[in-house]
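Student: After the structure tokens below, expect a handful of questions from me.
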Amino acid sequence: MREAQNCESKADFIHKFKIAAKEADETEYWLMLCKHAEDYLFDEILFDKLKEIQKIINKIIYTSKQSLK
């Protein structure tokens, strides 16, 4: 998301946020593995915070795409 601050165009901005969305999805995957691991203490708050971040990222992408039209 920091890279999007120095984007070269609106399309570049959207692209960088799509990468951030993919990274958030990967983080969700790893958190789910931790949740189901026997020897790992899982904190549900991390998962809840990640869901909030994902919603924000997706809203930014959606709004940015709308402004391109």
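The values are calculated or read from the model by the stated rules, or taken from the named source; none is laboratory data. As the structure is a prediction and not an experimental result, all values here were calculated from the model. No Cβ is skipped: glycine too gets one built from the backbone with ideal geometry, and neighbour counts run over all protein chains shown.
Student: Considering only residues that are modelled with pLDDT under 90 and outside any helix (DSSP H, G or I), which ones fall in the range 4-42?
Tutor: Residues satisfying the conditions are Cys7, Glu8, Ser9, Glu38, Asp39, Tyr40, Leu41, Phe42.
Student: Another question, then. Would you point out which residue out of Gln54, Gln66 is in a helix (DSSP H, G or I), modelled with pLDDT under 95 and of a type in the set (S, T, N, Q)?
Tutor: On inspection, the qualifying residue turns out to be Gln66.
Student: Please verify whether Tyr29 is touching a Leu at 6+ places or on another chain (Cβ under 9 Å) and not hydrophobic (A, V, I, L, M, F, W, C), treating the condition exactly as stated.
Tutor: Spelling it out, it is not the case that Tyr29 is touching a Leu at 6+ places or on another chain (Cβ under 9 Å) and not hydrophobic (A, V, I, L, M, F, W, C).
Student: Restricting the first residue to the range 48-61 and requiring it to be under 20 Å from Gln5 (Cβ atoms), which pairs with a second residue that is of a type in the set (Lys, Arg) and part of a helix (DSSP H, G or I) meet a Cβ separation below 7 Å and a spacing of at least six or different chains?
Tutor: Ile61/Lys18
Student: All but one of (1) surrounded by 11 or more Cβ atoms within 10 Å (Cβ to Cβ); (2) at pLDDT below 90; (3) over 12 Å from the mean Cα position of the chain (by Cα) hold for Met1; which doesn't?
Tutor: (3)
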